Structures are given as structure tokens and as C-alpha cells.
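Worksheet for the structure shown next.
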Amino acid sequence: MIDLPAASADPHRPLLDYYDEHLRRHGDTAAGAAWPNDEDRRTRFAALTEPLRSAPAVPAPVVCDLGCGTGELLGYLRAIGRGDIGYIGADRSALALGHARVKFPDARWVEIDVPTASESELAALDCDYLVASGLFTVRHSLSQEAMWSFLTGVIERLWPHVRRGIAFNVMSPIVDWEREDLFHASHDRMARFLHGLAGRHVQMRADYGLYEYTCVAFKPEPEASETEPPAPQRIIAYRPLLPDAQHLAPYLQRIDRTRIYSNHGPLVAELEQRLGERLGLGPQQLICAASGTAALVAGILATAGRATAGRPYALCPAYTFVGTASALQQCGYTPWLVDVDPGTWQMEPNVLREHPMLAQVGVVVPVAPYGRAVPLKGWERFRRASGIPVVVDGAASIEALLDDPAGNMGHIPVALSFHATKAFATGEGGALITHDAELSRAAFQTMNFGFMLTRESRRPSINGKMSEHHAAVGLASLDQWGRHHARLAAVAASYQKAFAAHGLESALHVYPQTASNYALFRVPDADACQRLGQALAEAAIESRLWYGSGLQDQPVFADLPRDELPVTVSLAPRLLGLPVAPDLVPGDVERIADIAARSLRHSVGSRAAP
């Protein structure tokens, strides 16, 4: 038992100190969470999350993990195949949340002290289900009554912010002996509290083998009105569909047999060969990478090296995803933001040949926006005339490369992303493509700590290798590519038909104008775009400005040097990303088109009003 002093000015501080001290002593382990072993912790998670585990995947419920610690409950949910569940991790401990953010940077984490939080702060925890695992089991130096007041006060404050139900655990009083530092709560008293909270919609269970019991309180489903239609299911901006377990199994079994998991394994080699053959490439002209960003970094380091004092800048478009500028910064360059052409949404090589900063530029990175391939001939001429290396951030452009390999591939390296949101996906991954054999070998070495045949690191490098498990997903995706691509193309055709019915087809950009994982709608102005986004949100339809309003408005890039950016400033806030998924049905697309048409009519009417 860890003995910590009480803090009278902050009655619950001893609990925070107790858990923080365990975490400091034992690290991010079960012991660090004041529990004896991981098996018991998983048993508790299973008991607390039973309603979540059986909840329908669409629409995915949102769970708030109160007292989340280092986020192990999120890891458990993902491990059992419920990664679709929306997750909010909430804790008072900045130390624990620091661990959680490192492990799960994509999740939402809230530092909050519920007893003292304002109502607006509590609103950040709005959820379908609230789970508190272990938050009320230890009372440490608090009295029994003080701990009871803490439990009931927290639950009562959060109950209005929960839509479906709440689950928490306490120590059972039916034990051989009660530990002084634990909170053994009376069953009768707890039953009365739960009944006051939720009436007869409560459960108390102690059938899972631990010296505790779990309390569950539900809010009954509201009775559907006979005249009011059911709420529509939420449609998200892009819902990936990767190969299922059945199609992955043969590749995973090969991994089990070889026990090779990374370092250029046989599945990665097979994926490189099969993708290369589809693209008409020769051996070693396609190198798989851990991510699209890793592929881009490797291309920059292999082609241009790190930035130098004489050439510290890199030219890249302001209208792109943040990963472009991030990759350049990882190579030591200061991105210099350049405007794009209003028709192609890309930097123009002929314009850049007269750029005043060329003498201080070490590399230029054109971008294939939304999978629109970058024609390489103009950039080949730019490279020959300027002597400046060029690396293309090809991102989602694999379909364009498949459609026109001669025009879109060559000696200039092209980095591709195979992220789950791309048309061809490995979950996370990417590739670098080039016809230049020497450059290809350098990129391979760059992604392997600078090693090539020996354990001597001989060039600037990263660890950018693709794992065998991601290659397994890629191979299974390649097996299904024809059917998968046809489904995405059919969604694009549905968009064209639905928007044409309203006379809006000229403002729509879908495959083959873009990659098939995008549906973009060019709205007349930023205000109209914002109104359309709000109208879609009110109909439970997510939309997105995929590139935000441009790199110049991203806080981390706000101080970057730049040209004048009139096209980016005009285009970015009005090119709205609409939902895409391989299984998006025509009826949903028609509903999106109807909302777009109504919103635009409203916008025109508003501007015409005196």
C-alpha cells in the first residue's frame, strides 16, 4: 500500500496522488494502474463493456471512459474488434493522459476534474455510454462517507450528459475481510441510489470472479412517434472497407509459418512485385514504405538530402494536406508556400522557373491533389533547367498512375499513400516509385537506417519499412482490387447522376477527375460552404474540408514564408468533401444532393435579399 498525505483544500487529491505514484513506480502496466495483473483488468473491462460490445456498429456509439488512466480500455475495445466505437478518454491525471496520448494519438483525451468542472466543461464528455473502471474502488485516506459522496456526486453530475447508460464498479462488502484502503459499498445503499437515478432500469452483477460488483444504469429508449420518422443513420466523410479476416487469413498464416514480421519480408517483396507489374514497372522500381509520409521523406532524402545553410527552403503548395510540409520539416527544410493553378489545383512548373527564391531552394515537392496525378514532363524540364531536385507527393494518385503510367511515372520519384482512407489501402503504408535504379536503391537504404548489405549507416535515414502484417492487408486488397474499385466507381457514378438531376454536375469532382475515394463539391463561396456543411451535419451527414483552408492557416505552419496565395485562399474554404464509402447506397447520395441543392438555393436567396 502506498501511503500519501491527505490534502484538505482538495479533498479528492489523495486519490489522484495515489494513482500517479503507482504509475511513476510501475509504469504503464496493470500494477501502474493499482491492479495486480492484466487478466483481472480485462475481466473487469469485459463486465463493464457488455452493452458496448453488443451495440450495433452503425451508428457507432460513443463511450466516455471516465478515469481512463493510460487508455487501456480503448486498447481492449480495439483488440476485440470494436475500434468503430467513438471514444472519449477523461481523467484528472495529466501524467496518465500523457501516456495515453502517446499510445493512441488519434483518440480524444480530456483532462477534467468532474466535481469542480463547469457545465460547459462537462459537455465535452457527452456520450452514449459512460464507463468508470476502477475509479470508485480505492478510497485511500478518504472516509467511507467521503468516498460515497464522491461517487454519487460524480455520477449525478454526469448522468444528464449520458444518452444511453452508465457502468461503474465498486468493491463488494461480501468478502472474508474488507481492506481499509478500498471502497466496499453496501448493496442495499447502492440499489437505492441507482433506483433514484434510473428507476427500474438498473443492473448489479458480481458473476465475473473478482471481489467487486458492477453497477449499470440505463436510460430507456424513447418511444418512437407514430408521425415522426426515425432519425437517419450517420454518414461519415469516408468509411474504409478493407479485406476481412477470411481473406487475410492465408497471408497471416504465412507470417505465422515464417515468423518474419518486418525488415523486407516475403509478403512485402510480393506486394512490391505485384503492384509493380500492374503499374508496368521493373524490379526494384517500387519500394513499399511504412506510410505515405515515410515514402515522401525517403524520396526527399534520397534525392536532395537534408537541407543545407545555402539551400534551406523547399517549395510546396499551400493547398495540400499537412503531411507534405511535415515531411519537408523532418528533412530539415523550411517549406516555402506557393499558390496553385485554379484549374489543376497544382503548382505550375513553368511559373516556378521564375521564382525569386530558387537560388536558396533545395527541393521542390509538387502535390497530386485528391489523387489528380502530376504530369512529370513539365517537372522534368524544370529539373533540367534549374538543377533542383523534384519529388512528387502523389498521395492518393495510384489510380491515375494505373490509368496513364507513361505520363505520370518516370525518373522523378512519386510517393504514394496506402492509408485506410485511400482507394488502395494497406491500413497504413505507402510506396515510392521511380524509374531511376540508383535513386531507388538510395531510397531503399534511406528507409532502412542507412544500411545496405552491412550494418554500417551510410546516409541520412529513417525507419520507414513496411511491416509484413500491413503487406498482408495490401495483398488481400490487391486480390479484391477489381471489385473494390468498381464499387467506388459506382458511387462516383451515383454522385454524377444525383447532382446532374439538380443541374449541379459542373461543380462536382469525382472519379475519374479525382481519386475514387473523394467526392468534392465546389461551392460558390466560403459562407455558402459553411451553410451547406451545417445543413449536412443537421442531417447526420459528415462533410470535410480535407485540406482545411490551406497550410498558411495551420497553427504550426502559420509563420512559414510564402508567396501571395489568392487561389488557395479562394479555393480551400469552398471545396467541400462529401461522404464516400464502397457501400454508400444511391439513396444516401440522392439525399446528399437534395440537401446541397436546397442549401445553395437558400444561399442565393439570402444574397438576393435586400
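Pairs are defined by a Cβ separation below 7 Å, a sequence spacing of at least 6 or placement on different chains, a first member in region 370-389 that is more than 15 Å from H355 (Cβ to Cβ), and a second member that is surrounded by 17 or more Cβ atoms within 10 Å (Cβ to Cβ) and among the acidic types (D, E); the pairs so defined are G371/E399.
Just checking: which of the helices (runs of 4 or more DSSP H) contained wholly in region 515-610 hold 2 or more residues that are open to solvent by 30 Å² or more (accessible area, probe 1.4 Å) and farther than 28 Å from T324 by Cβ? Fully inside region 515-610 and qualifying: 526-538, 586-608.
You will find that of A431, A420, the residue that is in contact with a Cys (Cβ under 8 Å, 6 or more places away or on another chain) and aliphatic (A, V, I, L, M) is A431 and no other.
Would you point out which residue out of P366, P375 is touching a helix residue (DSSP H, G or I) at 6+ places or on another chain (Cβ under 7 Å) and open to solvent by less than 10 Å² (accessible area, probe 1.4 Å)?
Numbers: P375 fails: open to solvent by less than 10 Å² (accessible area, probe 1.4 Å).
When all the criteria are applied, what remains is P366.
Tell me, please, whether a residue that is free of Cβ contacts under 8 Å to residues at least 40 places away in the same chain, open to solvent by 30 Å² or more (accessible area, probe 1.4 Å) and under 19 Å from Y370 (Cβ atoms) can be found in region 491-501. So far as region 491-501 goes, yes, one or more of its residues are free of Cβ contacts under 8 Å to residues at least 40 places away in the same chain, open to solvent by 30 Å² or more (accessible area, probe 1.4 Å) and under 19 Å from Y370 (Cβ atoms). Figure legend. Inter-residue proximity from region 276-296: first residues hydroxyl-bearing (S, T, Y), second residues assigned to a loop (DSSP other than H, G, I, E, B) and open to solvent by 10 Å² or more (accessible area, probe 1.4 Å), beta-carbon distance below 6 Å, spacing 6+ or different chains. Indicated pairs: S291/E428. Each residue in region 35-55 was checked for being at pLDDT 85 or above, of a type in the set (A, V, I, L, M) and surrounded by fewer than 20 Cβ atoms within 10 Å (Cβ to Cβ), and 1 pass.
Among the residues of region 302-344, those that are touching a Lys or Arg at 6+ places or on another chain (Cβ under 7 Å) and open to solvent by less than 20 Å² (accessible area, probe 1.4 Å) comprise A318, C331, L337. Please verify whether region 353-372 includes one or more residues that are in contact with a Pro (Cβ under 7 Å, 6 or more places away or on another chain) and part of a helix (DSSP H, G or I). Yes, because at least one residue in region 353-372 is in contact with a Pro (Cβ under 7 Å, 6 or more places away or on another chain) and part of a helix (DSSP H, G or I). When residues in region 380-434 are screened for being under 23 Å from the mean Cα position of the chain (by Cα) and of a type outside the set (F, W, Y), 23 of them pass. Restricting attention to region 60-93, the residues being more than 20 Å from L158 (Cβ to Cβ) and out of contact with any Gly (no Cβ under 9 Å at 6 or more places or on another chain) number 10.
Just name the residue that is farthest from L301 (Cα to Cα) out of those in region 460-486 that are of a type in the set (D, E, K, R) and under 23 Å from the mean Cα position of the chain (by Cα).
Let us first name the residues in region 460-486 that are of a type in the set (D, E, K, R), namely 465, 468, 479, 483.
Checking the rest, the ones that are also under 23 Å from the mean Cα position of the chain (by Cα) come to 465, 468.
Values: K465: 15, E468: 24 Å.
Restricting to residues being of a type in the set (D, E, K, R) and under 23 Å from the mean Cα position of the chain (by Cα), the top hit is E468.
Here the condition is being farther than 20 Å from D126 by Cα and free of Cβ contacts under 8 Å to residues at least 24 places away in the same chain; of D176, D181, it holds for D176 alone.
Restricting G305, G310, G362, G387 to those that are out of contact with any strand residue (DSSP E or B) (no Cβ under 9 Å at 6 or more places or on another chain) and not aliphatic (A, V, I, L, M) reduces the list to G387.
The set of residues in region 310-332 that are aromatic (F, W, Y) and in contact with a helix residue (DSSP H, G or I) (Cβ under 7 Å, 6 or more places away or on another chain) comprises Y313, Y319.
Selection within region 56-68: residues that are part of a loop (DSSP other than H, G, I, E, B) and open to solvent by less than 20 Å² (accessible area, probe 1.4 Å). The member of this set that is modelled with the highest pLDDT is C68. Scanning region 78-100 for residues that are open to solvent by 50 Å² or more (accessible area, probe 1.4 Å), in contact (Cβ under 8 Å) with a residue 12 or more places away in the chain, out of contact with any Leu (no Cβ under 7 Å at 6 or more places or on another chain) and not in a loop (DSSP other than H, G, I, E, B) gives A94, H99. Say we look at region 101-118 and pick out the residues that are open to solvent by 20 Å² or more (accessible area, probe 1.4 Å) and assigned to a helix (DSSP H, G or I); which of these is nearest to R42 (Cα to Cα)? Of everything passing the filter in region 101-118, K103 is nearest to R42 (Cα to Cα).
For region 220-240, check the following and say yes or no: at least one residue is in contact with a Phe, Trp or Tyr (Cβ under 7 Å, 6 or more places away or on another chain) and on the phi < 0 side of the Ramachandran plot. If you could, list the steps in order and put the result at the bottom.
Here is the first cut: in region 220-240, the ones in contact with a Phe, Trp or Tyr (Cβ under 7 Å, 6 or more places away or on another chain) are none.
No: region 220-240 contains no residue that is in contact with a Phe, Trp or Tyr (Cβ under 7 Å, 6 or more places away or on another chain) and on the phi < 0 side of the Ramachandran plot.
The values are calculated or read from the model by the stated rules, or taken from the named source; none is laboratory data. Note that this is a predicted model, so its numbers are computed, not measured. Because the Cβ atoms are built from the backbone with ideal geometry, glycine has one as well, and the counts that use them run over all protein chains shown. Ligands, DNA and RNA are excluded from the accessible area calculation, which covers all protein heavy atoms including side chains. Shrake-Rupley method; radii C 1.70, N 1.55, O 1.52, S 1.80 Å.
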